[in-house]
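The values are calculated or read from the model by the stated rules, or taken from the named source; none is laboratory data. The structure displayed is predicted, hence computed values, not measured ones. Cβ placement follows ideal geometry from the backbone for every residue including glycine, while neighbour counts extend to all protein chains displayed. What goes into the accessible areas is simple: the full protein's heavy atoms, side chains included, and nothing from ligands, DNA or RNA. Shrake-Rupley method; radii C 1.70, N 1.55, O 1.52, S 1.80 Å.
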Amino acid sequence: MPAGPNAYNSLWQVRTDAWSALEESTAQLALAGAQQRPVEQLTDTAAEALDVLAPIERFWAFPGMPAFYKMRRLFTGGKYDRCAAIVARINRALATDSYRGSQSWDAEAEDDAYDRQARSADQGRRQRPYFEVLVVDDMTEDQERALREEFRRWRRPDDQFLYEIVVVPSFDDAVMAARLNLRLQACVVRRRFTHQSRHDCSSLARFVSLGECEDLMDISPDERAQVLARSLARIRPELDLYLMTEIAVEDLAGRLSHHFRRIFHIREGSLELHLSILDGIAARYRAPFFSALGSYSHRPTGVFHALPVSHGKSIVNSHWIRDMVDFYGLEIFLAETSATCGGLDSLLEPTGPLREAQQLAAETFGSKQTYFVTNGTSTANKVVVQALVQPGDIVLVDWNCHQSHHYGLMLAGAMVTYLDAYRLNQYSMYGAVPITEIKSQLLDLRRAGKLDRVKMLLLTNCTFDGIVYDVQRVMQECLAIKPDLIFLWDEAWFAFARFHPVYRPRTAMRAARTLAETLRQPEHRASYDAQTEAIGTIDAAADEVLLSRRLLPDPARARVWVYATQSTHKTLTSLRQGSMIHVWDQDFSQKVEETFHEAYMTHTSTSPNYQILASLDLGRRQAALEGFELVQKQIENAMRLRDAVDHHPLLSRYMRCLTTAELIPAEYRPSDIDQPLRSGLPNMLQAWDTDEFVLDPSRITIYIGNTGIEGDVFKRSHLMDRYGVQINKTSRNTVLFMTTIGTTRSSVAYLIEVLVTMARELETQLADMSPAERTAHERAVLRLTAPSAPLPDFSGFHPSFTDGQGLPTREGDGAPFICPTTTATASTCRPMRSGSGSRPGKVVSTNYVTPYPPGFPVLVPGQVFSPQILAFMRSLDTPEVHGYRADLGYRVYVDKALEIAATTRPAPPPDPPAPEAATPAAAPDAVPDAPQGGPDHVH
Ligand SMILES: Cc1ncc(COP(=O)(O)O)c(C=O)c1O
């Protein structure tokens with residue numbers, strides 16, 4: 001029995017299953033007919049499958065409605081054998097994708113001999129990338145067939161690509177097709193289309209949301225075309241849009257050209273349109289740097305320069321490292337060169353293919369400028385901070401940000417105000433920083449007269465665990481208080497988000513563009529005036545008033561200066577360390593470009609890796625042409641994993657996927673939707689539209705407290721060592737599984753298999769346990785399921801690390817860290833000052849202490865220790881803690897002698913800690929029930 005659309009998260013799955021059910025039932029019907037057996041049940045199954053397919057097949061070019069109608073006519077006419085033959089051919093072609101790139105496929109043909117002919121006709125032809133083009137026009141079946149034939153006639157053997165058209169008659173159908181047909185790359189809007197679909201679309205409501213649409217009845221055809229173009233661009237900005245019209249094209253071109261790639265007159269035929277469609281795809285397909293490197297690699301060269309591996313020369317003649325070529329292949333060495341001319345380019349001063357590749361990336365990722373980085377987002381972050389922050393500037397940053405920000409801010413000489421994220425003590429995880437925390441810190445700085453020194457807000461979106469900010473809201477409210485604030489969004493984990501319509505509005509580049517557009521709108525000016533009427537000017541309004549409402553920035557003062565750094569290699573296709581910096585800064589060329597370039601030079605190797613750069617170029621091409629398809633499938637795979645864990649009777653006894661409601665407290669979710677995607681796309685859209693934080697569904701945190709196995713042991717000893725399943729982050733009682741565009745259904749299936757095996761083993765072990773062993777197991781479960789030591793907030797800088805007027809604001813300066821502590825003197829490091837009664841603590845960290853994963857420092861230089869921090873560190877299950885040595889303890893400034901006391905000493909006896917170091921703040925007994933062996937002593 002085919003499942004109806006509501007049984008799944010994926011319409012593609014529904015479609016695949018329905019075709020399979022149809023193939024099976026029609027094959028049996030054909031057989032039953034031959035043997036004269038009863039057929040009622042089989043006809044019911046086939047009819048159900050046809051009912052599922054009828055409202056959705058019209059969105060795809062293959063097999064197309066004529067073939068579908070023919071097949072249905074054969075079925076209703078009882079000609080089961082002929083029907084079964086067509087269905088089998090279509091289903092086979094869908095399953096193997098064999099219709100893609102084939103010139104000769106005819107879905108209506110009924111016999112296999114036809115397929116063999118088609119295949120042999122295609123043989124010897126280059127497999128060309130295939131795509132589909134949406135035509136929006138209300139046509140008869142015959143007109144549609146004629147149009148399809150017309151486009152096919154223009155095909156030439158040397159065309160780079162092959163396409164077929166899908167015709168839909170209405171606005172609503174066009175929007176649904178854009179959402180559902182992942183193969184669409186272009187859309188031709190003609191003038192005669194209706195508003196609403198003629199079909200009953202209720203079964204699709206779960207997968208598509210038509211959203212609000214203006215009334216199309218009373219507007220002119222070209223205005224309707226414009227409204228449709230806007231809607232399509234919102235869903236799929238990458239689609240090339242074309243308009244075909246019967247009226248004065250010259251006039252329309254002047255008015256509508258920003259919506260459409262080209263506008264054609266309908267009577268001039270379709271050749272020009274056909275060529276433009278191919279040209280549009282070719283523009284995205286181009287990968288200038290990859291191509292340049294490819295051409296270079298096949299030219300014979302004499303190398304009188306660095307890089308002996310260039311053209312494999314030091315390897316192919318070697319007697320000892322030939323296996324290097326066997327392993328990597330010769331091609332990669334042919335492409336190794338340090339040349340910056342001869343068709344190649346210099347990353348530091350790009351003028352040729354690299355410059356072009358970066359411009360294409362800017363178009364694809366929606367930035368004004370994009371820069372490639374070959375040393376990861378760790379370097380990208382340092383470049384941006386160094387370009388924009390002067391010594392003494394105040395930067396607001398999430399305390400739990402990646403270590404590269406801490407180091408970058410230190411190098412820039414910034415004063416740092418750490419922001420506290422909300423805490424999830426139950427799972428030993430941090431969430432994201434609430435807007436009220438950001439606003440209160442800004443207002444504190446305003447009260448202290450320091451707002452003019454505040455330069456930048458730096459946040460991680462999405463967080464490691466998948467918490468996603470409302471980027472536009474954050475920027476709007478902050479700009480209301482500080483109209484010239486710069487935003488750096490660390491999107492190390494979020495490069496893919498641009499390519500899905502639900503995620504896109506919460507990316508930095510899209511939010512920056514929307515914000516700039518909003519600030520120009522008269523409606524915004526009016527709302528801002530109404531706000532002034534209600535609360536007076538923001539500069540004069542009281543803190544409580546500003547904290548209690550959503551603020552709008554003054555359109556006359558606010559500037560949009562937004563930067564995003566992305567580890568392309570983490571979530572899209574790129575070799576390791578391939579990252580990008582995206583810029584959407586209204587004043588970049590006048591104010592920033594030069595210093596940005598200097599900062600870029602500071603951190604960029606003069607020998608950047610060309611393979612990484614070429615892979616960034618190709619990763620961009622892929623994202624531009626199939627980003628939507630890949631991300632959509634990634635989400636579906638993630639949902640499959642969630643479903644499989646939560647619905648498996650054995651697994652769900654020991655593990656469960658944490659829901660949005662468990663990871664994001666209700667106060668940040670006004671939509672009140674606990675599981676947005678699971679309850680259908682419209683709910684997901686609503687939550688993503690209104691909630692302060694949402695959960696990226698592609699990341700799955702599984703709660704494993706009931707297994708009695710700690711997160712890190714679960715990861716290392718079980719998943720990695722025994723089954724080769726790699727994951728990164730764990731907490732005491734959770735493990736995080738990330739899906740990417742590389743996740744396949746088979747890898748999801750394998751993971752489920754592994755988890756089920758582990759659960760079975762646990763069941764067996766439990767059954768065989770002695771009473772004492774069972775008690776020990778129950779204790780382990782209790783320890784993991786009981787609340788842990790509360791996560792610490794940022795405990796504050798010691799006053800010696802502030803600017804002297806520190807309190808009540810909390811910015812500090814971690815720069816003394818750069819002095820090697822073994823040689824620290826009062827002249828190279830600022831000494832701790834004497835006897836200040838307002839000191840928040842006595843023991844101060846000299847360095848970053850960073851549990852890895854996830855790689856966020858729990859202590860930064862100059863930060864005072866607190867009992868909460870020590871308790872938290874002890875409760876960690878992370879074996880790798882950078883900046884801490886289990887045999888020696890922490891490195892600290894001790895305020896005892898009122899001088900720098902950060903020296904390395906011989907290891908103290910492991911237990912108890914050295915008495916003078918065991919300050920009250922660090923007293924181990926401040927931590928109830930802490931497990932032994934965690935980082936808990938100082939040296
Ligand atoms: C939030 C965040 N930013 C930056 C980075 C560094 O990225 P890369 O590995 O590309 O240097 C990471 C790495 O995990 C990260 O999690």
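Kindly indicate whether any position in the range 372-386 is within 16 Å of the ligand (Cβ to nearest atom) and part of a strand (DSSP E or B). Yes, the range 372-386 contains at least one residue that is within 16 Å of the ligand (Cβ to nearest atom) and part of a strand (DSSP E or B). Give me a count of the residues in the range 130-184 that are among the aliphatic types (A, V, I, L, M), in contact with a Lys or Arg (Cβ under 6 Å, 6 or more places away or on another chain) and farther than 21 Å from L232 by Cα. The total comes to 1.
Residues are listed down the side, and each one gets a yes or a no for (1) buried (at least 18 other Cβ atoms within 10 Å of the Cβ); (2) modelled with pLDDT under 90; (3) farther than 18 Å from W60 by Cα:
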| position | (1), (2), (3) |
| --- | --- |
| Q127 | no, yes, yes |
| F131 | yes, no, no |
| D137 | yes, no, no |
| I165 | yes, no, no |
| A177 | yes, no, no |
| R198 | no, yes, no |
| S203 | yes, yes, no |
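In the condition set (1) in a helix (DSSP H, G or I); (2) surrounded by fewer than 18 Cβ atoms within 10 Å (Cβ to Cβ), N728 is compliant with all but (1).
Let's see how each residue does on (1) within 30 Å of W493 (Cβ to Cβ); (2) assigned to a helix (DSSP H, G or I); (3) away from the ligand (no atom under 16 Å from the Cβ); (4) open to solvent by 60 Å² or more (accessible area, probe 1.4 Å):
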site: V325; (1), (2), (3), (4): no, yes, yes, no
site: E331; (1), (2), (3), (4): no, yes, yes, yes
site: G342; (1), (2), (3), (4): no, no, yes, no
site: P350; (1), (2), (3), (4): yes, no, yes, no
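Considering each residue of the range 444-462 in turn, at least one proves to be open to solvent by 10 Å² or more (accessible area, probe 1.4 Å), touching a residue at least 40 places away in the same chain (Cβ under 8 Å), within 27 Å of A361 (Cβ to Cβ) and within 16 Å of the ligand (Cβ to nearest atom). Summed over the range 415-443, the residues that are without any contact (Cβ under 8 Å) to a residue 60 or more places away in the chain, away from the ligand (no atom under 16 Å from the Cβ) and among the aliphatic types (A, V, I, L, M) give a count of 2.
Here V502 meets each of (1) modelled with pLDDT under 95; (2) closer than 30 Å to A623 by Cα; (3) more than 12 Å from the chain's Cα centre (by Cα) with one exception, condition (3). Residues that are more than 26 Å from A786 (Cα to Cα) and touching a Leu at 6+ places or on another chain (Cβ under 7 Å) occur at least once in the range 712-725. Selection of the range 663-690 for residues being within 18 Å of Y430 (Cα to Cα) and either open to solvent by less than 50 Å² (accessible area, probe 1.4 Å) or touching a Cys at 6+ places or on another chain (Cβ under 9 Å) (or both) yields L663, I664, P665, Y668, R669. All conditions in (1) in contact with a Lys or Arg (Cβ under 9 Å, 6 or more places away or on another chain); (2) within 16 Å of the ligand (Cβ to nearest atom) hold for W489, with the sole exception of (1). Would the range 522-531 turn up any residue that is touching a residue at least 12 places away in the same chain (Cβ under 8 Å) and within 15 Å of the ligand (Cβ to nearest atom)? There is no residue in the range 522-531 that is touching a residue at least 12 places away in the same chain (Cβ under 8 Å) and within 15 Å of the ligand (Cβ to nearest atom).
Exactly one residue out of R261, R236 is of a type in the set (D, E, K, R), in contact with an Asp or Glu (Cβ under 8 Å, 6 or more places away or on another chain) and under 24 Å from A283 (Cα atoms), and it is R261.
The residues of the range 162-176 that are in a strand (DSSP E or B) and not small (G, A, S), listed by number, are L162, Y163, E164, I165, V166, V167, V168. The helices (runs of 4 or more DSSP H) found entirely in the range 543-662 that carry 1 or more residues being of a type in the set (S, T, Y), open to solvent by 20 Å² or more (accessible area, probe 1.4 Å) and more than 16 Å from the ligand (Cβ to nearest atom) are 543-548, 593-603, 651-654. For the range 403-415, the set of residues classified as farther than 11 Å from V389 by Cα and not aromatic (F, W, Y) consists of Q403, S404, H405, H406, listed by residue number.
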